[in-house]
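**Student:** One structure follows; several queries about it will come next.
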Amino acid sequence: MAKSGTTTQGLRAAIERSGYYPALVAEAVEAAVGGEAITSYVVHQETTFDANEVRRHVTVLVLTPHRFIVSHTDEQAADTSSPTPYATTSTESVKLDRISSVVVSRVVANPESYTPGTLPREVVLTIGWGAVSRIDLEPAACGDPNCDADHGYTGNATADDLSLRVSDAGDGPDTVRQTLAFAQALSEAIAATAAPTR
């Protein structure tokens with residue numbers, strides 16, 4: 001379930017409502033935010049099934065006037081390195097002027113009868129800032145089917161630092177709406193940062 005809002009108290013309440021190690025998650029996120037005001041946030045808790053185990057994961061996205069903060073917390077079962085279950089939480093703080101792309105992919109049903117303002121059934125928010133890139137390569141070819149020359153490779157480099165997928169069926173319409181609102185707030189903040197000053 002995702003929650004979106006604009007206050008520190010609202011962020012803490014959303015983390016607590018997620019029910020996923022709220023004291024641990026809140027402490028990590030609040031330490032990363034520091035004394036900055038919160039412009040927008042999303043808290044998204046996801047449950048996955050891995051063989052015979054149920055694993056939970058929470059992602060917290062926070063927008064401040066100067067930074068984008070992302071926090072991930074995962075739980076792990078006891079293993080050879082730890083006799084008890086444990087959780088790992090990490091935060092990353094990115095200056096807004098470092099964000100190179102905000103991609104919002106929308107999946108809509110019956111596009112021929114789409115009405116503006118209708119919520120998509122699924123949204124994927126992808127944010128890139130250069131920390132992680134994916135390169136897809138394939139052999140290059142020419143138009144001659146009889147050519148056996150080596151034409152090298154062709155491909156694409158894609159910034160893929162964060163991808164958050166929410167759906168109406170799995171997360172509910174409020175989650176889809178909140179993710180879209182966060183994406184818009186982030187895009188507007190980046191545009192304002194990039195705008196020339198007079």
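The values are calculated or read from the model by the stated rules, or taken from the named source; none is laboratory data. In this text, all values refer to a predicted model and were calculated from it rather than measured experimentally. Virtual Cβ from ideal backbone geometry, glycine too; neighbours counted across all protein chains shown. To get the accessible areas, we keep the full protein, side chains included, count just its heavy atoms, and leave off ligands, DNA and RNA. Shrake-Rupley method; radii C 1.70, N 1.55, O 1.52, S 1.80 Å.
**Student:** Look through Ala37, Ala23, Ala87 and report the one residue that is assigned to a helix (DSSP H, G or I) and more than 20 Å from Val176 (Cα to Cα).
**Tutor:** Unique residue meeting the criteria: Ala23.
**Student:** Next up: For residues that are open to solvent by less than 40 Å² (accessible area, probe 1.4 Å), not in a loop (DSSP other than H, G, I, E, B) and not hydrophobic (A, V, I, L, M, F, W, C), scanning just segment 63-81, find the one that is nearest to Ala192 (Cα to Cα).
**Tutor:** That would be Ser71.
**Student:** On to the next question. Please specify each residue of segment 1-12 satisfying the condition of being buried (at least 20 other Cβ atoms within 10 Å of the Cβ) and either modelled with pLDDT under 90 or part of a loop (DSSP other than H, G, I, E, B) (or both).
**Tutor:** Ala2, Lys3, Ser4
**Student:** Something else about it: Considering only residues that are modelled with pLDDT under 75 and of a type in the set (A, V, I, L, M, F, W, C), look in segment 117-145 and name the one that is nearest to Val94 (Cα to Cα).
**Tutor:** Looking at the filtered set, the residue picked out is Ala131.
**Student:** Could you tell me how many of the residues in segment 90-112 are assigned to a loop (DSSP other than H, G, I, E, B), free of Cβ contacts under 8 Å to residues at least 60 places away in the same chain and either touching a Lys or Arg at 6+ places or on another chain (Cβ under 7 Å) or not polar (S, T, N, Q) (or both)?
**Tutor:** So the answer is 2.
**Student:** Does segment 146-157 include one or more residues that are of a type in the set (Phe, Trp, Tyr), open to solvent by 80 Å² or more (accessible area, probe 1.4 Å) and either touching a Phe, Trp or Tyr at 6+ places or on another chain (Cβ under 9 Å) or at pLDDT below 85 (or both)?
**Tutor:** yes
**Student:** Now, a different point. Just one of (1) of a type in the set (A, V, I, L, M, F, W, C); (2) open to solvent by less than 60 Å² (accessible area, probe 1.4 Å); (3) more than 16 Å from Val29 (Cβ to Cβ) trips up Phe49, so point out which.
**Tutor:** In the conditions (1) of a type in the set (A, V, I, L, M, F, W, C); (2) open to solvent by less than 60 Å² (accessible area, probe 1.4 Å); (3) more than 16 Å from Val29 (Cβ to Cβ), Phe49 misses (2) alone.
**Student:** Report, by residue number, each residue of segment 13-45 that is free of Cβ contacts under 8 Å to residues at least 40 places away in the same chain, open to solvent by 40 Å² or more (accessible area, probe 1.4 Å) and within 20 Å of Leu186 (Cα to Cα).
**Tutor:** Matches in segment 13-45: Glu30, Gly34, Gly35, Glu36, Ala37.
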